[in-house]
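Step one of this worksheet: look at the structure below.
Please treat every number below as a calculation from the coordinates, not as lab data. Not measured: the values here are computed from a predicted model. We place every Cβ from the backbone using ideal geometry, glycine too, and count neighbours over all the protein chains shown.
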Amino acid sequence: MPDDDSLEHNIRRAREDAAAARVLAAGADRDVHDVRTEFREYRRLNQQLHNATRADLADLRERVAEGFASVDERFASVEARCTAIDGEFAKMNHGFAEMRAKLDATAAGHQQIVGLLTTVIDRLES
């Protein structure tokens, strides 16, 4: 019965092949499980990174906003000082105008005195 040996040999070989296939399938399952685990870990770490980046950007936005608010306050202070200085210059200009008017009046008075003295001197000499 050579067919029986051949049949048994084929069955044994099929069983060995099936056992080898089960071993390979188990290995593939482990590999898939490992890949899934690594992918989940990657996703978890990636999500942590995104959350940290979002938090950093929110903090940066807040700091920039505070910085601009501080600069705005300082500019407002400088503007108020400039307005006050403009007011003082206006007062000074008004004071200079008053002094100019008084000096002009004094010069006109001096001119009249010179004219009167010239008249007196001319009369005395004649």
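Please report, in debye to the nearest 20, how large the charge dipole of the stretch 1-45 is about its Cα centre when each Lys and Arg carries +1 at its beta carbon and each Asp and Glu carries -1 there.
On the way: 9 positive and 11 negative charges, 112 e Å.
In debye, rounded to 20, the stretch 1-45 gives about 540.
For the stretch 55-62, the Karplus equation 6.51 cos²θ - 1.76 cosθ + 1.60, evaluated at θ = phi - 60°, returns couplings of 4, 4, 5, 5, 5, 5, 4, 5 Hz by residue, with Gly and Pro reported as x. Pull out a ≥ b ≥ c, the square roots of the eigenvalues of the alpha-carbon gyration tensor of the stretch 72-124, then state rounded if a/c is under 1.5, prolate if not and a/b is larger than b/c, and oblate in the remaining case. Prolate, because a/c is 1.5 or more and a/b exceeds b/c. Charging the Cβ of each Asp and Glu at -1 and of each Lys and Arg at +1, and nothing else, the dipole of the chain about its Cα centre rounds to 540 debye.
Across the stretch 45-50, coupling constants 3J(HN,Hα) worked out from phi with the 6.51/-1.76/1.60 Karplus curve, θ = phi - 60°, read 5, 5, 5, 4, 4, 4 Hz, and Gly and Pro carry x.
In the distance distribution for the chain, Cα-Cα pairs more than 25 Å apart total 76 percent. Between the residues ALA107, ALA28, ASN10, the greatest Cα displacement towards the positive end of the dipole of the chain, with unit charges on the Cβ of Lys, Arg, Asp and Glu, is found for ALA107.
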